[in-house]
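Here the structure is laid out as structure tokens; the discussion comes afterwards.
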Amino acid sequence: MSLNSLAQALLPAPLYHRLAASSIAKRLARGSLWSLFGSATSRLLVLVAMVLVARLLGQAPFGEFGLIQATLGVVGLMAGLGLGGTATRFVAQYAVADPTRAGRVIALVTSVSVGAVLFAVGVLVAASGLIAHTVLKAPHLQTALIWGALLMGVTAFRGIQSGVLAGLEKFDLIAKLNILDSVVAVMAMVLLARFMGVEGALFGLALGAIVAGLVGHNLLMNELRTQSITVSYKGCWADWRILSGYSLPGLLANMVATPVLWLCMTLVARTPNGYAELGIYNAAYQWHGPMVFIPMVLMSVSIPVLVQEWEAGRRERFRQVVFGICGLVLAISLPPVLLAAFLSPWIMSLYGSGFIEGEMVLVLLLAAAPLHALAKIASGALLGMNRAWWVFGINLIWGITILTVALWLTPTLEVKGLAIAFLMAYGILGALSFGLVLIGSRLPPVTNHTARMVNHGEIS
């Protein structure tokens, strides 16, 4: 099947014809389809790996593995700094118009990321004992945290690399590298987890990122030479303002979601059967993500169309496109959610006999998936209306909701309390998002063009 025919099958007819009429939108649609292919394959491989690793480690160690990943995500905010999205935005702007400046932007992002990664790794290694003993209440996880520092650092560099490739519109290379990462990680995780436990699983993930990063470095250098872009560190700091003008909002957005989820997981870890309960949550959460990644791709394709409609003053058509996409999202997400909910006992049994009791947790997280997907589309519409700070605001309300409900319910309901909090938070996020779309689409437009720079990873 060709990319055009696949796009026509996936997208609503009005949206497809609008995309087909614009050469820019065609490139976005092609990139989104490559992203869909890469994401689908990568997620499937990771899902298989997690099932196998859960069976090898057992329920409680698998919960420890999930909490360490969340901890790495929190510390990794210092290493990432939203620089991957910054690279995408400004490399895309200057790659053709000013290749010299594009090279300076890559140098700026790279130099900042090296310093940030080294600092974050140093902090994590130095504080690993304190985190393991005091925060996680699991002193034996200190070694795993130190191994995890390697994974965090490599993942941060991979994010910068993918950001530059996205700016060059080499989405096919990103998809292939993500698949390579997943294939190596699956084999390494399963093999090393068998002999090294949680530390082995973390090192297996890092090994996949290392291999993909090395291959990606060679591919990126070839692509830069092809496009006559020279990475020059001399004078790169002249563009430092792009960090405060673009990277900072992305960091603030991530500062809502990642630490809040980590805090909620630590609440579960402190319950009597904490890490066993986290093992159930980690297994069930693996099925939430696949239910929302296609809506994420649809959002990435629709944002340019929404911006065009908004800037042209066609408010009614803007709302029609938003609600049309939402209808498609429900049509895509509800059938697999219902099927997975029906099969929840069998799905959880794949991870091992101790996971079967978590079928209700899986059902609750699956129920949150359509709400999460609709909130993504609504947030994309708000970004199209140049209401980026509104998105940050509703993300903040989401974080307060899930943390408050988790504090209330996890002491008695343990992991089920976290799953209920998850569902309630996304219900509120979806309602607020759509309310603000209706309100915002009737207000005068905002003229600050910087706020329209969209980094899809900034939406929780």
Could you let me know the centre-to-centre spacing of region 55-75 and region 409-423, using Cα atoms, in angstrom? 18
For a protection proxy built on the mean count of beta-carbon atoms within 10 angstrom, sort 157-169, 343-355 highest first, please. 157-169, 343-355
Rounded D (µm²/s) - region 35-239, Kirkwood Rh over Cα pairs, Stokes-Einstein at 25 °C, 0.890 mPa s: 138
Residue separation times 0.36 nm, minus the C-alpha to C-alpha distance between His133 and Val114: what's the value? 3.9 nm
Listed highest first by mean packing, meaning other Cβ atoms within 10 Å per residue, what order do 331-340, 135-144 come in? 135-144, 331-340
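Read the figures in this text as sums done on the coordinates, not as results from a lab. In this text the structure is predicted, and so the values were computed from the model without any measurement. With ideal geometry, Cβ positions are generated from the backbone for all residues, glycine too; neighbour counts draw on all protein chains shown.
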